[in-house]
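Remarks on the structure that follows.
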Amino acid sequence: VSILEQVNEIFRKVLDTPALLIAASTTAKDVPEWDSLTHVELIVALEKQFKIKFTAREVRKFQNVGEMCETIAQKMHAL
Amino acid sequence: MPTFAELKSNLKKDFSRFQAARAGLLADSATQLLAQALRGAGYEQQLDLTVVAGDTGEGEIERQLLDSRLPELVIIYESVEKLFQRFQQSPARESFAAEHLERVRKFISAVPGRLLYLNFPERDDGVFGNFASKVRGSWISQLRRINSGLANLAQEQANLFICDLALLSTTHPVTDRKVAVTTDLLFSIDFLPVVAGSLVGIIGACLGRFKKCLVMDLDNTLWGGVIGDDGLENLELGELGLGKAFGQLQAWAKQLRERGIILAISSKNDERIAKEPFERHPDMILRLSDIAVFSANWENKADNLRRIRDILEIGFDSMVFIDDNPAERDLVRRELPELCVPELPEDPVDYLPYLQGLNLFETAQLSSEDARRTERYQQESQRHALRSGFADEEEFLRSLSMKATVEGLTAFNLPRVAQLGQRSNQFNLRTVRYSEDELRNLKGPVFAIHLEDRFGAHGLISVAILEERGDEAFIDTWLMSCRVLKRGVEALVLNALAAEASRRGMRWLVGEYLPTRKNELVRDHYERLGFARAGGLWRLDLRDYQPRKHFIGSPA
């Protein structure tokens, strides 16, 4: 299962949108449920799923789903 | 402990069968997630909790406290982060704690009912090191002064309840630093269920929901080993094996007993063998005198728990059952879903910290009668035994030599009256729950009835409150402990109400029955006492009132 697919699954669960389909280019603007509060829940859920920790700068900087996935991949690679 | 995601998914579920409650949430940091967690945690505890949260900017708490639409119950959450900022800006650091406590005092007098205030988790500012304790104006010194000052305030102010964040933070991390810096969310996602569960526990206790009884298994729960197989001397107790862990669990149960929780035993054993350690083992901490109902036999545990419930006359939802055997736990959960059956950890040394962490015995009130409860229930089983010897009800009632006192509200009985009001669910006509403050401010007369008989004192067992409405005396409250059902206390109370209402020149006694999930018992109460139905109310004409017969005397 690719990182994007796993991330998509987390998004569905946290945002309670079972049919949500995200791509690397998806941003918060594209998903109404993705606001500053659910963003925090997403970050925490992703950290648990991939057993990684984001830095505060990373959390603030993410422009889209693709950047999230890249950071996750780098961190998992470093383990 | 459910996760925040699980609490959030509760929000879509059906709350309609649950008791409704409203709480205001005032805070100096973002409250949206906490409000969701609170409502979700309410679902876990079968409470339809509506959380009213406002803005969280500077001065918002004070502003919202002036709002007349504020619910009776208010949660105020001031974060340690904001507290620390204020400390840093404070010109007079040595008096910072005193000033903060003064501010909390103002909150207390501003809330319409109860205030739930969260105290502060310990947080090191890394300035003085261990020397901080020696410096009065250090952050550490002032923070601790605030927490101990809050405890003092709570002891002095009946309507202040502390949610103990300082204690919760010793077992759960409070903050996710990265989230706290980048947003205004100062509780981590994983801490939200912890603090929400704790707050809802206090709210439930304020509404009269608390556990009254702890039922315990014996073999491998209260001691290590099986008494029937291993024999008295080989039980793991005291220094033997894991004895220390079992001893500590017993010591905890004993402290609960002293606090007023009823202890009962449910064990698959021969009664004589099961009682032996309580009577003869030198390292047993619990003794037979600590146990209100001892149920050791070979029947199934659900039946035994039903029997214990019948003797104690309490609801299954106020009982906790602990048993090391997963199969027994399963059976009881299936048959008695209302009963609380904690899962136990695998290792017996973890039983006690696990159970303590569940906070099963939250309460909103204590009185000195709590400590005597076990004794009273033991007397109750003697009365049960006596009753079976009489063919005739009247003869039995006479043989009890009952005596009652009826008095108004006094400083001495006030906490007891308030507490009985919180506890009574079944024999409670209108289920209006008054706090001590509210009772003190009532206009109409209060009747507090104490009862004793040849086996001992029952203490305060019934409360009634009248409200004058022209020539009608409206019975605002009539409640009674179910331990004294069928003793004629209702007749005695009615005579007292009728006499007082007549003395005040009123012609009618007017009663009302407001049904709840638990007070079916008194649906026909007024009809039985000769009241006539009038719309939704019940009326009794006092002009031709004949005092009703009972067998309760007055004390010499």
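Worth a mention:
- Selection count, the stretch A:40-53, where residues are under 11 Å from the mean Cα position of the chain (by Cα), closer than 18 Å to residue A:4 by Cβ and not small (Gly, Ala, Ser): 6
- Tally, over the stretch A:1-13, of residues that are surrounded by 18 or more Cβ atoms within 10 Å (Cβ to Cβ) and over 10 Å from the mean Cα position of the chain (by Cα): 0
- Within the stretch B:213-232, being in contact with a Phe, Trp or Tyr (Cβ under 9 Å, 6 or more places away or on another chain) and of a type in the set (D, E, K, R) holds for one residue alone: B:217.
- When B:291, B:227, B:262 are screened for being crowded, with 19+ Cβ neighbours inside 10 Å and within 30 Å of residue B:73 (Cβ to Cβ), only B:262 passes.
- Candidates B:333, B:373, filtered to the one that is part of a helix (DSSP H, G or I) and at pLDDT 85 or above: B:333
- Within the stretch B:250-283, tally of residues that are in contact with a Leu (Cβ under 8 Å, 6 or more places away or on another chain) and free of Cβ contacts under 8 Å to residues at least 60 places away in the same chain: 17
- Qualifying residue in the stretch B:68-87 (condition: charged (D, E, K, R), in contact with a Gly (Cβ under 8 Å, 6 or more places away or on another chain), more than 24 Å from residue B:190 (Cα to Cα) and surrounded by 14 or more Cβ atoms within 10 Å (Cβ to Cβ)): yes
- Flag for residue B:353 being closer than 23 Å to residue B:254 by Cα and either touching an Asp or Glu at 6+ places or on another chain (Cβ under 9 Å) or not in a loop (DSSP other than H, G, I, E, B) (or both): yes
- Test set (1) within 13 Å of another protein chain (Cβ to nearest Cβ); (2) within 25 Å of residue B:180 (Cα to Cα); (3) modelled with pLDDT under 95 - residue A:11 fails condition number: (3)
- Filtered residues of the stretch B:535-551 (kept if more than 36 Å from the chain's Cα centre (by Cα) and surrounded by 10 or more Cβ atoms within 10 Å (Cβ to Cβ)): B:541, B:542, B:545, B:547
- Residue pairs whose Cβ atoms lie under 7 Å apart, sitting 6 or more positions apart in sequence or on different chains, and linking a residue in the stretch B:1-16 that is without any contact (Cβ under 8 Å) to a residue 40 or more places away in the chain and of a type outside the set (D, E, K, R) to a partner that is assigned to a loop (DSSP other than H, G, I, E, B) and surrounded by fewer than 17 Cβ atoms within 10 Å (Cβ to Cβ), do not occur here.
- Of the residues making up the stretch B:155-194, those that are more than 14 Å from chain A (Cβ to nearest Cβ) and without any contact (Cβ under 8 Å) to a residue 12 or more places away in the chain are B:155, B:156, B:167, B:170.
- Candidate set from the stretch B:238-259 (those that are under 12 Å from residue B:348 (Cβ atoms) and among the aliphatic types (A, V, I, L, M)); member that is surrounded by the fewest Cβ atoms within 10 Å (Cβ to Cβ): B:242
- Scanning the stretch B:11-30 for residues that are within 12 Å of chain A (Cβ to nearest Cβ) and either among the small types (Gly, Ala, Ser) or touching a Phe, Trp or Tyr at 6+ places or on another chain (Cβ under 9 Å) (or both) returns B:11, B:30.
- Within the stretch B:499-534, restricting attention to residues that are of a type in the set (Val, Ile, Thr) and outside any loop (DSSP other than H, G, I, E, B), the residue that is farthest from the chain's Cα centre (by Cα) is B:510.
- Yes/no for residue A:63 being of a type outside the set (D, E, K, R), without any contact (Cβ under 8 Å) to a residue 24 or more places away in the chain and either within 14 Å of chain B (Cβ to nearest Cβ) or out of contact with any helix residue (DSSP H, G or I) (no Cβ under 8 Å at 6 or more places or on another chain) (or both): no
- Residues of the stretch B:29-61 satisfying the condition of being out of contact with any strand residue (DSSP E or B) (no Cβ under 9 Å at 6 or more places or on another chain) and farther than 21 Å from residue B:193 by Cα: B:55, B:57, B:58, B:59
- Scanning the stretch B:48-67 for residues that are modelled with pLDDT under 95, over 21 Å from residue B:186 (Cα atoms) and hydrophobic (A, V, I, L, M, F, W, C) turns up B:65, B:66.
- Listed by first and then second residue, the pairs linking a residue in the stretch A:36-52 that is more than 7 Å from chain B (Cβ to nearest Cβ) and crowded, with 20+ Cβ neighbours inside 10 Å to a residue that is not polar (S, T, N, Q) and not in a helix (DSSP H, G or I), with Cβ atoms under 8 Å apart and 6 or more places separating them unless they lie on different chains, are A:42/A:34; A:43/A:54; A:46/A:52; A:46/A:54.
- Of all residues making up the stretch A:14-35, the number that are facing another protein chain (nearest Cβ under 8 Å) and surrounded by fewer than 18 Cβ atoms within 10 Å (Cβ to Cβ): 1
- Condition check for residue B:164: at negative phi, of a type outside the set (A, V, I, L, M) and in contact with a Ser or Thr (Cβ under 6 Å, 6 or more places away or on another chain): no
The values are calculated or read from the model by the stated rules, or taken from the named source; none is laboratory data. Treat the numbers as computed from the prediction; the structure is a model and nothing was measured. So basically every Cβ, Gly included, is an ideal-geometry build from the backbone, and we count neighbours across all protein chains shown.
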